[in-house]
Amino acid sequence: CGSRVTNFWLRFYETAKDGRPEHKRHRGEMLIVGRRHTCLSDLLLCEREYCWEIAAENELGVGPYSVPSVPARTLGPSVPTCSLAAPTLVAATMSSLTIRWTASEPMGSDITEQVLQICLKPTFDDDAPVREIAYP
């Protein structure tokens, strides 16, 4: 009945549990390309409580989001990493940038990923929703 599901959309939002006003709570959405039924999101902040909603997409568009999940809390870091030096631009073309930075010291926990954030607004607005595309 209907068209085949092609993608899923995962919407997440921080709950009121920690007392932050609504406009300061972390939120975002993520496109899950394909028909996968699991995903890993590294968009969440540590020591915060979140709920999720999921919607299916087909050739007709995105359907309604599900009811919210049961709230779940992310864990805090075991030991924070040291701060990084500022990234250095190595080369630039019309459609790409090559950037270099010094890796963090792990400080007791494995570093599984380092993320470089590039923004047109140098203030890196924390209130803006985060968006990521996850591929299989």
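The values are calculated or read from the model by the stated rules, or taken from the named source; none is laboratory data. If you're wondering where the values come from, they're calculated on a predicted model, not measured in any experiment. Backbone-built Cβ (ideal geometry, glycine too); neighbour counts: all protein chains shown. Note: accessible area is taken over every heavy atom of the protein model, side chains too, but ligands, DNA and RNA are not part of it. Shrake-Rupley method; radii C 1.70, N 1.55, O 1.52, S 1.80 Å.
By how many nm would the segment from residue 66 to residue 4 grow when fully extended, if each residue of separation counts as 0.36 nm and the alpha-carbon distance is taken off?
Once the chain is fully extended between residue 66 and residue 4, it gains 20.5 nm.
Roughly how many nanometres apart are two label points built 7 Å out from the Cα toward the Cβ at residue 73 and residue 55?
Rounded to a tenth, the inter-label distance reads 3.1 nm.
How long is the gain from residue 44 to residue 17 if the chain were fully straight, where each residue apart is worth 0.36 nm and the alpha carbon distance is subtracted?
Working: separation 27, 0.36 × 27 = 9.72 nm, distance 1.54 nm.
Stretched fully, the residue 44-residue 17 segment lengthens by 8.2 nm.
Determine, from the Cβ-Cβ distance of residue 101 and residue 35 and an R0 of 35 Å, the FRET efficiency 1/(1 + (r/R0)^6), rounded to the nearest 0.05. Don't jump to the answer; show the numbers that get you there.
Working: r = 36 Å, r/R0 = 1.04.
Here the calculated transfer efficiency is 0.45.
Using a 1.4 Å probe, what is the accessible area per residue for segment 1-76, in Å²?
Values: 4910 Å² over 76 residues.
Ligands and nucleic acids excluded, the result is 65 Å² per residue.
Please label the shape of segment 1-92 as rounded, prolate or oblate, based on the square roots a ≥ b ≥ c of the eigenvalues of the alpha-carbon gyration tensor (a/c under 1.5 means rounded; beyond that, a/b larger than b/c means prolate, else oblate).
oblate
With charges set only on the Cβ (+1 for Lys and Arg, -1 for Asp and Glu), what does the dipole of segment 14-55 come to about its Cα centre, in debye to the nearest 20?
Dipole magnitude for segment 14-55 comes out near 80 debye.
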